[in-house]
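The values are calculated or read from the model by the stated rules, or taken from the named source; none is laboratory data. Note that the coordinates shown come from a computational prediction; the quantities given were computed from them, not determined experimentally. Methodologically, a virtual Cβ is constructed for each residue, glycine included, from the backbone with ideal geometry; neighbour enumeration extends over all protein chains shown.
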Amino acid sequence: MSQKTLRIALNGVTGRMGYRQHLLRSVLELRDRGGIEIADGERVAVEPILVGRDSAKLAEMAQRHSIDEWSTELDTVLSDESVDVYFDAQITSARERGVRAAIAAGKHVYSEKPVAESSSQAVELARLAERAGIRHGVVHDKLYLPGLLKLRRLIDGGFFGRVLSVRGEFGYWVFEGDWQSAQRPSWNYRAEDGGGIVSDMFCHWHYVLENLFGRVDSVTARATTHIPTRWDERGEAYEATADDSAYGIFELANGVIAQINSSWAVRVNRDELVEFQVDGTEGSAVAGLRGCRVQHRSMTPKPVWNPDLPTGERFREQWSQVPDNEEFENGFKAQWERFLHDVLRDRPHPYDFFAGARGIQLAEAGLRSSRDGQRVPLESLER
């Protein structure tokens with residue numbers, strides 16, 4: 001009996017994230033280990049098809065990774081009935097067209113976030129996908145990170161008692177590009193190209209909060225551009241029209257208050273590039289990308305405020321590391337595998353376009369809050 005193969009068209013994988021995380025560490029990893037394992041040890045092979053605008057880059061990448069097919073003609077690829085899945089990692093402003101075309105062609109669609117430039121567009125895409133009877137998903141990679149998986153384990157085990165608050169710190173210094181090259185593409189800092197840290201990161205914060213702690217009811221935020229001039233990939237100066245830092249307060253339906261700072265203009269003084277501190281009546285935890293440390297109420301010290309004496313306590317040493325207790329996959333690959341399983345089993349993917357639309361809605365509300373200087377409630381998005 002011939003082996004079933006899932007043929008996946010990947011659009012935009014010549015970019016940094018599309019290449020490193022989605023192609024190299026996810027789809028090619030799955031291909032090279034023999035595909036997706038299903039019932040009774042049976043496997044479904046994975047075959048990538050590269051799509052993009054630069055034929056030279058695509059040809060070189062295909063040769064380097066032994067990929068048989070590549071194309072600069074998206075419509076031609078989508079018209080191929082043997083293609084099962086379309087993935088989009090293009091810049092945000094170009095994404096909707098590709099996703100719409102894939103839905104119209106009857107392909108299952110998996111997309112980087114945000115799936116569209118507005119929540120209304122994302123909801124429309126979700127409804128189109130539902131009517132087409134396809135499986136649709138948006139990247140929710142941080143839920144699969146070891147640190148947040150350990151945090152999930154603590155929540156499920158009742159470690160926190162009643163959760164009171166969440167405090168998040170994310171960011172690092174992105175060089176301006178003049179005397180040292182920038183670590184992020186220049187379009188990230190141009191609002192006209194879909195850039196901005198609110199549009200990028202608030203989508204992440206939404207699904208982290210929604211899936212771990214509860215529905216987000218409102219946001220109060222301040223977005224700003226700390227670095228007004230940057231230098232692009234050609235070494236030319238340009239005006240940064242998008243926000244590079246945002247400071248948000250998120251109120252959840254169950255009374256939990258979350259505060260998350262996001263910045264590409266901050267120097268790191270923490271163990272990881274992102275950390276979440278969760279405080280509850282029974283205990284607290286600090287989770288990063290990989291690690292998670294805890295302090296139970298029974299082991300909580302009693303600090304006394306005295307500004308006239310040096311602090312003798314080593315507060316960080318009073319916390320304990322949560323053990324791994326399992327092997328963790330790359331977060332992007334883990335969600336890829338989950339999405340492809342959902343395609344093969346013809347079941348809804350939990351992190352679908354509607355979930356993606358709610359993340360975009362939070363980003364829109366955050367920008368409106370910053371502009372108007374007020375708390376913005378979130379309305380329910382109808383399926």
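The table below gives the values:
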{"quantity": "Filter pass, ARG43 being over 25 Å from the mean Cα position of the chain (by Cα) and either under 23 Å from ASP141 (Cβ atoms) or of a type outside the set (A, V, I, L, M) (or both)", "calculated": "yes"}
{"quantity": "Filtered residues of the range 31-73 (kept if in contact with a helix residue (DSSP H, G or I) (Cβ under 7 Å, 6 or more places away or on another chain), part of a strand (DSSP E or B) and more than 15 Å from LEU344 (Cα to Cα))", "calculated": "PRO48, ILE49, LEU50, VAL51, TRP70, SER71"}
{"quantity": "Qualifying positions in the range 187-222 - polar (S, T, N, Q) and either at pLDDT 95 or above or in a strand (DSSP E or B) (or both)", "calculated": "ASN211, SER218, THR220"}
{"quantity": "Filter result for ARG368 (outside the structural domain of ARG127 (by TED's automatic domain parsing), touching a helix residue (DSSP H, G or I) at 6+ places or on another chain (Cβ under 7 Å), among the basic types (Lys, Arg) and within 30 Å of VAL109 (Cβ to Cβ))", "calculated": "no"}
{"quantity": "So LEU340, is it assigned to a helix (DSSP H, G or I), more than 15 Å from the chain's Cα centre (by Cα) and touching a residue at least 12 places away in the same chain (Cβ under 8 Å)", "calculated": "yes"}
{"quantity": "From LEU128, LEU164, residue being in a helix (DSSP H, G or I) and in contact (Cβ under 8 Å) with a residue 12 or more places away in the chain", "calculated": "LEU128"}
{"quantity": "Unmet requirement for THR5, which otherwise passes all of (1) among the hydroxyl-bearing types (Ser, Thr, Tyr); (2) closer than 18 Å to ARG135 by Cβ; (3) surrounded by 18 or more Cβ atoms within 10 Å (Cβ to Cβ)", "calculated": "(3)"}
{"quantity": "The range 245-295 - residue that is in a strand (DSSP E or B) and among the polar types (S, T, N, Q) and, of those, surrounded by the most Cβ atoms within 10 Å (Cβ to Cβ)", "calculated": "SER262"}
{"quantity": "Top-ranked residue of the range 131-147 - restricted to ones that are free of Cβ contacts under 8 Å to residues at least 60 places away in the same chain and of a type in the set (Gly, Ala, Ser), ranked as surrounded by the most Cβ atoms within 10 Å (Cβ to Cβ)", "calculated": "ALA132"}
{"quantity": "Pick from the range 305-337, criterion of a type in the set (Lys, Arg) and in a helix (DSSP H, G or I), ranking: surrounded by the most Cβ atoms within 10 Å (Cβ to Cβ)", "calculated": "LYS333"}
{"quantity": "Close pairs from the range 263-289: first touching a residue at least 24 places away in the same chain (Cβ under 8 Å) and within 27 Å of ILE227 (Cβ to Cβ), partner among the hydroxyl-bearing types (Ser, Thr, Tyr) and part of a strand (DSSP E or B), Cβ under 6 Å, at least 6 apart", "calculated": "SER263/SER245; ALA265/SER245"}
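Residue-wise test of (1) over 24 Å from LEU362 (Cβ atoms); (2) charged (D, E, K, R); (3) more than 16 Å from the chain's Cα centre (by Cα).
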residue: ARG127; (1), (2), (3): no, yes, yes
residue: VAL139; (1), (2), (3): no, no, no
residue: TYR144; (1), (2), (3): no, no, no
residue: LEU151; (1), (2), (3): no, no, yes
residue: LEU154; (1), (2), (3): yes, no, yes
